[in-house]
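Here the structure is laid out as structure tokens; the discussion comes afterwards.
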Amino acid sequence: MISTIKLLALGAGAAVLAAALPAEAQKAQDALRVAYTDPISTTNGFFDPKPETAAVQRAVYSTLIVYDPTTRTFKPDLATAWKRVGPTTLEFTLRQGVTWHDGTPFTADDVVDTFNWLVDPKTRLRFGFIYTSRFAKAEKVDDRTVRVEEKGVFADDLMTIAVNLTIFPKHVIDTFANKADFAREKPIGTGPYKVVSISPSTGVKLVKFDKYVSPGPWRPAASISKIDILPIPDLQTEMAQLMTGGIDLMHDVPRDQALQIVSNPDYKMTVAQGLNVFYMNMDAAGRSGNKALTDVRVRKALEMAVDRQALAKNVAPPGATTPNAICVPVMIGCAVSNAPPAHDVAGAKKLLAEAGYPNGFDVDMVSNPGGEQISEAIAGQLREAGVRAKVEHLTFAGYRARQVAGKLELLIGNWDAGGTPDEASTVNFFWDGGARDYARDKEILKLGEEATRERDAEKRDALYRKIFDINNEKAYDLPLTTFPAVFVHTKDLKVETDTIGALAVDYARLQWQ
């Protein structure tokens, strides 16, 4: 039970929103209300790449193909078939009978226009390099066929198209001088939901698109008629709104609060593994100036001091596991042969003494958003081995600035694979020789470049296995626990758990019990 004092504090925040939020029984109205702390200003992640936006994007727009995590294969969406007609050329056969939300037929021109806009040097997007580095142009072969020319051989080209590359309506987006305005002012897609309104202050209102035709169970039609996605500025107010009937679903609820709420039988907790993994990054390259971390014995000692099982059981969200690599099984290329060392405080102290630190040493530890609790727990575990960690919690901007400057000694972070269930994104994120790379291992760099261009699945697995084995041998980055998505919701709602979408939620898969 939540204390009376806490409920009073929550009630103060709830009163502010009470007039704005509907209170009728939502299952009877077939209307779902979802809350997020971060306001959504656009319907497409091209323009604001964050998980909340990407979840809306998946509901409103469609891609040519989709990735099915249950089979680890690609499935049709706007395209019914695809093939390689050359080492760097993809050909897509498009689905007939698809309409945009305004009733206009979907055509090959929409696909060509979207691709060519993305690769245009004049297009400025935060992560535009994802597209400009891979794709050269798209061409219309006929009304049902499109060819995409690539700039080289990329192993994750289909995954990029399946996860990130939503198709826009040419007849609408071309009317905007600033293409970003389209996704805010007239967001028309071909997905299972269409947008009624969007505002950072009042949220996003979605309604079921009755003319949506599902290509298969991997991309279902919407079940719930209406979804309101509401911006609520803090966790306590979200909790108050859930308990007083103002919302039906909360996402990313901390362990203690989730368990408190579901002690009431009117609420349920659903856990989805998703793609997120907590990790500990150590400055093996010596960029920060902490010499101790350049010794592999010291890094292994730190890993031995960390009790990953205890973190999964007591600190991470319910359902967390302890992977041996920074990945989850649904990801292509998630392969590893060895494991980080087992928890052994005595062994950690022995290694530290052998490395010349019998009395331990001082280290600065930084956590990025979401890693606050687990970093504090790890600092306590390190102290048992004699390592004195000073913990600092930074905003994303603060952590990123320090990372780029080469001043991170220990980082406790969480990584969602860039929302892409392919190890190419993870290896390129951690070990590409750039600002995020605190290992600077030449062998990993070479293997990563090979894996990026290897399309044979078994050979790719073998390359990534070598990379993750080296990581464990040399103790660069310690995978701590998975970071499951925790949903707390009314008992009338069913939340699917087999999705790898943004925030581990697919709005079209939400159903009433």
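Residues of the stretch 461-472 include at least one that is in contact with a Ser or Thr (Cβ under 7 Å, 6 or more places away or on another chain), in a helix (DSSP H, G or I), surrounded by 15 or more Cβ atoms within 10 Å (Cβ to Cβ) and not polar (S, T, N, Q). Exactly one residue out of Ala301, Ala335 is part of a loop (DSSP other than H, G, I, E, B), open to solvent by less than 40 Å² (accessible area, probe 1.4 Å) and either closer than 23 Å to Phe430 by Cβ or of a type outside the set (Gly, Ala, Ser) (or both), and it is Ala335.
Checking Tyr131 against (1) at pLDDT below 95; (2) part of a loop (DSSP other than H, G, I, E, B): exactly one of these is not met. Which one? The failed condition is (2). Of Lys291, Lys208, all but one fail to be modelled with pLDDT of 95 or more and more than 29 Å from Val404 (Cβ to Cβ); the exception is Lys208.
Need pairs with beta-carbon distance below 9 Å; first residue modelled with pLDDT under 95 and open to solvent by 20 Å² or more (accessible area, probe 1.4 Å) and within the stretch 370-383, second in a helix (DSSP H, G or I) and not aliphatic (A, V, I, L, M); sequence gap 6+ or separate chains. If the second residue must be in a helix (DSSP H, G or I) and not aliphatic (A, V, I, L, M), the pairs left are Gln373/Arg255. Specify the residue that is most open to solvent (accessible area, probe 1.4 Å); the eligible residues are those in the stretch 394-407 that are more than 22 Å from Phe361 (Cβ to Cβ) and not in a loop (DSSP other than H, G, I, E, B). Ranking the qualifying residues of the stretch 394-407, first place goes to Phe396. Checked against the criterion of being of a type in the set (Lys, Arg), over 30 Å from Phe46 (Cα atoms) and assigned to a loop (DSSP other than H, G, I, E, B), the candidates Arg455, Arg440 yield just one match: Arg440. Across the stretch 408-431, the qualifying residues are those that are in a loop (DSSP other than H, G, I, E, B) and under 22 Å from Arg455 (Cβ atoms), and the one among them that is modelled with the lowest pLDDT is Thr420. Got at least one residue in the stretch 232-246 being within 24 Å of Val163 (Cα to Cα) and either in contact with a Ser or Thr (Cβ under 7 Å, 6 or more places away or on another chain) or not hydroxyl-bearing (Ser, Thr, Tyr) (or both)? No, every residue in the stretch 232-246 fails to be within 24 Å of Val163 (Cα to Cα) and either in contact with a Ser or Thr (Cβ under 7 Å, 6 or more places away or on another chain) or not hydroxyl-bearing (Ser, Thr, Tyr) (or both).
Going through (1) in contact with a Ser or Thr (Cβ under 9 Å, 6 or more places away or on another chain); (2) of a type in the set (A, V, I, L, M); (3) surrounded by fewer than 19 Cβ atoms within 10 Å (Cβ to Cβ); (4) closer than 15 Å to Val60 by Cα one by one, Val196 falls short only on (1). A single member of Thr43, Thr70, Thr114 is open to solvent by less than 30 Å² (accessible area, probe 1.4 Å) and part of a loop (DSSP other than H, G, I, E, B), and it is Thr43.
Is it fair to say Lys494 is among the charged types (D, E, K, R) and at pLDDT 95 or above? In short, no. When residues in the stretch 202-242 are screened for being farther than 18 Å from Lys494 by Cα and hydrophobic (A, V, I, L, M, F, W, C), 10 of them pass.
The values are calculated or read from the model by the stated rules, or taken from the named source; none is laboratory data. It should be emphasised that the depicted structure is a prediction, and the values quoted were computed from it without experimental measurement. Neighbour counts are summed over all protein chains in view; Cβ atoms, including those assigned to glycine, are modelled from backbone coordinates with ideal geometry. Ligands, DNA and RNA are stripped out before the accessible areas are found, and what is left, the full protein with its side chains, is counted by its heavy atoms. Shrake-Rupley method; radii C 1.70, N 1.55, O 1.52, S 1.80 Å.
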